[in-house]
Amino acid sequence: MRRAQDAPALSAADVSERISAIVAHEEFLFYRVSHGDDLDWVLGASEDGYEMFCTACGQRFFEKRDRKRPAKNYLHCPKCLAEISPKRWRDRARLEAIQFAFHTWTRGEGTDIWFRSFQVYMNRDFENADKYDVFEYCRVCFREGGALKWTRSRSWCWGVSDWKPVKKIGLKRWHGSYGVTRDDIWDGVTGDDIWDGVTEETVQGSCLQYAPLFLVQLLDDPIAFFALFCKYPAVEYIWKMGFARLFHDREHGGGALFSRVVNLRATRPDKLFPRLDKADLRMLRGRMDMHLSAIVDYIRLKEADADGNRNKMVEWAVQIDSWGGDFWQLPARCGTDVRGLLRYCDRQAGRRKVRLPDVLQELHDYLNQLDRLGVDGGDRMPHDLHEAHERLSARERKMKNAPLNEKFRIRRHLLRWMCWKHNGLFIRPVDSAEEITREGEQQNNCVAGYARKHADGKTIILLLRKCSEPCKSWHTVEILPESLTCRQCYAAGNMPREPEAEAFMEAYLEHLQQVRPRKRQRKQKRSAA
């Protein structure tokens, strides 16, 4: 049984050397003015200059001070000539801001291969210390038959914890405070290597020797894939058969679907896809749009005997998957089988020249409307689905707006005195909730959002029309009930009112101020009587 302590020895110096070979980051030249030491009164003053430390070459040296060229203007290290950022000695905290996770591979005993992850940041206390502060926080041992993983942590309070085994094998990233995740840097070089993380040289003779290294470029977590490869050698045949994309779907929440399609415990390649025959595999191999969910839908269509044409069922499966809803509960709700439902939806799609997902969504909404309205025995598969859906939608809107329309009728009766005709124009209160919604759609504005306020008497919405075109929307008006002043009067698209409407509104507001006193007098007389 492998233990975390069985990992090959890898010193911090070796890790730092590997990091320096591939990692490029900002280098600093720290400096401070050196005026001598405590023995100046005996030995005399030392030469005025800078004490410097270069993080690029790791040298600590003394540089003569030049008043015309202060250290803050340095662009290169005087010793190694590397590009640097000059910083004062007290700014060493900038080193700790350079943090990343470093991942490397090492060979173990026999066919074992180890994957190791390190937390790395530049050492703030660089005096008599390595350039990098390296802490190993994760180890994964790949071996014949599976993989083992251990993690540990460290803190300023409790120190370094012991290695603890972890069941879930995968890439462990370095997550900091406030959800910040450090960058992942992989040991390796680009060029002849198939993948930057592990080279063919490294895996030669190991349990990963025959692993598809190029495949991990498609994956977000190559460590989990390598662990799966070690546990189930049949993985090699799946990608050789042209289904490498299934592993990408698997790691993005498709684990359950993967198990329904693929049998990784199969001892023979022809048993890897127990629910698909050779003709299915040849057809699905070239369909890059057939992801796991679509393949599962195809299998279910095939088992339900939806159609004898495989290509037709593939197209159905792709479109059902693109819809995103639960297709398999629709046949029971419609009182038919899968074959009948799909043929019906095909006819509806051809009638309106739309795609199958659009018909499925409309059918789903239509069935929900029947359930909400409590229509028992209704036609669940009408001859014209779109027309039936529109008719039911209008009925549902009418029932929903019924309480509001009652208030609208009362308001229309109370606001009759605000109707007025002048110079070929007329204005009147909005009639119903349907009309204010229609006005908003025609005028491309938000007046429909004022329906509740108008019904409750908190505002007054009026429609300004031309006498020659009484049914055509022209301007929408909002009047404040208390002051009878115009708050809004806009043309279509909330554009400024036209000059003709401007003149009408000036006359209309004067008319309201004249009409309202007489209305109040009549009300007072009725109260006195």
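The values are calculated or read from the model by the stated rules, or taken from the named source; none is laboratory data. Everything numeric here is computed off the predicted structure, so don't read it as measured data. As a convention, Cβ positions derive from the backbone with ideal geometry for all residues, glycine included, and neighbour counts pool all protein chains shown. Accessible surface is based on the protein model in full, side chains and every heavy atom, while ligands, DNA and RNA are left aside. Shrake-Rupley method; radii C 1.70, N 1.55, O 1.52, S 1.80 Å.
Using modelled amide H (1.01 Å from N, peptide plane; none on Pro or chain starts), what sits under 5 Å from the amide H of Gln59, excluding residues fewer than 5 places away?
For Gln59, the qualifying residues are Cys54.
When the accessible area of segment 343-384 is split by element with a 1.4 Å probe, what percent falls to carbon and sulfur?
Carbon and sulfur together cover 44 percent of it.
Given a 1.4 Å probe, how much area per residue of the chain is accessible, in Å²?
Averaged over the residues of the chain, the accessible area is 56 Å².
For segment 327-454, build the charge dipole from Cβ charges (+1 Lys, Arg; -1 Asp, Glu) around the Cα centre, then report which of Leu385, Leu342, Gln442 sits farthest towards its positive end.
Going by the Cα projections, it comes out as Gln442.
State the three equivalent ellipsoid semi-axes of segment 274-368, derived from the C-alpha gyration tensor as the square roots of 5 times its eigenvalues, in descending order and whole Å.
In descending order, the three semi-axes are 23, 14, 12 Å.
Mind jotting down the three principal axis lengths of segment 64-108 based on Cα atoms? Whole angstrom, largest first.
57, 22, 14
Could you compute Rg(Cα) / (2.2 N^0.38 Å) for segment 264-422, with N its residue count?
This ratio for segment 264-422 stands at 1.55.
Relative to the longest principal Cα axis of the chain, at what angle does helix 12-22 sit, 0 to 90 degrees, rounded to 10?
Between helix and principal axis, roughly 60 degrees.
Label points 7 Å out from Cα along the Cβ direction at Asn73 and His175: separation in nm?
About 5.0 nm separates the two model spin labels.
Please say if segment 393-450 is rounded, prolate or oblate, where rounded means a/c under 1.5 for a ≥ b ≥ c the square roots of the C-alpha gyration tensor eigenvalues, and otherwise the choice is prolate for a/b larger than b/c and oblate otherwise?
Because a/c hits 1.5 or more and a/b fails to exceed b/c, segment 393-450 counts as oblate.
For segment 344-429, what Kirkwood radius comes out of the mean inverse Cα-Cα distance, in Å?
16.0
Treat each spin label as a single point 7 Å out from the Cα along the C-beta direction, and report the Met288 to Arg355 distance in nm.
A separation of 1.8 nm, rounded to one decimal place.
Please give the charge dipole size of segment 211-263, origin at the Cα centre, charges +1 on K and R Cβ atoms and -1 on D and E Cβ atoms. Round to the nearest 20 debye.
200
I need the fraction of alpha carbon pairs in segment 47-126 separated by more than 21 Å, rounded to a whole percent.
Of all Cα-Cα distances in segment 47-126, 46 percent exceed 21 Å.
To the nearest 10 Å², what's Val180's accessible area with a 1.4 Å probe?
Val180 has an accessible surface of roughly 80 Å² with all protein chains in place.
What does a probe at Arg60 reach in segment 129-143, counting residues whose amide N is under 13 Å from the point 7 Å along Cα→Cβ?
129-131
Out of Ala82, Gln59, Pro70, whose Cα points farthest toward the positive end of the dipole of segment 51-91 (charges: +1 Lys, Arg; -1 Asp, Glu; placed on Cβ)?
Of the listed residues, the answer is Pro70.
Any chance you could check the Cα centroid distance between segment 466-513 and segment 85-151 for me, in angstrom?
Result: 72 Å between the Cα centres.
Taking the Cα centre of each part, how many Å lie between segment 429-444 and segment 57-78?
The distance from the Cα centre of segment 429-444 to that of segment 57-78 comes to 76 Å.
Using only alpha-carbon positions, what ratio does the radius of gyration of segment 472-521 give when scaled by 2.2 N^0.38 Å?
Compactness ratio reported: 1.26.
Cα centroids of segment 235-262 and segment 345-390: how far apart, whole angstrom?
Comparing the Cα centres of segment 235-262 and segment 345-390, I get a distance of 35 Å.
Amide H of Ala82: which non-local residues (sequence gap of 5 or more, or other chain) have their own amide H closer than 5 Å, using H built in the peptide plane?
Hits under the 5 Å cutoff: Cys77.
Using a 1.4 angstrom probe on the protein heavy atoms only, line up Lys353, Lys398, Lys453 by accessible area, largest first.
The most accessible residue leads, giving Lys353, Lys398, Lys453.
Just the Kirkwood number for segment 390-529, please: inverse of mean 1/r across all distinct Cα pairs, in Å, one decimal.
The answer is 16.0 Å.
Under a point-charge model restricted to the Cβ atoms of Lys and Arg (+1) and Asp and Glu (-1), what is the dipole moment magnitude of the chain relative to its Cα centre, in debye to the nearest 20?
Magnitude of the dipole: close to 3440 debye.
If we count chymotrypsin sites (Phe, Trp or Tyr not before Pro) as exposed when they sit in a DSSP loop and have at most 14 other beta carbons within 10 Å, what is the longest stretch of the chain that avoids them all?
The segment 211-529 is the longest one with no such site.
Answer rounded, prolate or oblate for segment 241-308, using the Cα gyration tensor with square roots of eigenvalues a ≥ b ≥ c: rounded when a/c is under 1.5, else prolate when a/b is larger than b/c, else oblate.
rounded
Compare Cys141, Cys80, Cys446 by solvent-accessible area with a 1.4 Å probe and give them largest first, with all protein chains kept in place.
Result, largest first: Cys446, Cys80, Cys141.
Could you work out how far helix 385-414 tilts from the main Cα principal axis of the chain, as a 0 to 90 degree angle to the nearest 10?
60
Could you state how much accessible area Glu510 has, in square angstrom rounded to the nearest 10, with a 1.4 Å probe and all protein chains kept in place?
Here the residue's solvent-accessible area equals roughly 120 Å².
Using the Cα centre of segment 361-459 as the reference point, and only Cβ charges (+1 on K/R, -1 on D/E), how large is the resulting charge dipole? Debye, rounded to the nearest 20.
Dipole size: approximately 900 debye.
Quick one: Debye curve from the C-alpha atoms of the chain, no solvent, what's log10 I(q)/I(0) at q = 0.08, 0.10, 0.11 Å⁻¹?
Evaluating at q = 0.08, 0.10, 0.11 Å⁻¹ gives log10 I(q)/I(0) of -0.86, -0.94, -1.00.
Residue by residue, what Karplus-based ³J(HN,Hα) values in Hz, rounded to whole numbers, does segment 304-320 have, using 6.51, -1.76 and 1.60 with θ = phi - 60° and x for Gly and Pro?
7, 6, 5, 6, x, 8, 5, 4, 5, 5, 5, 5, 4, 4, 4, 6, 5
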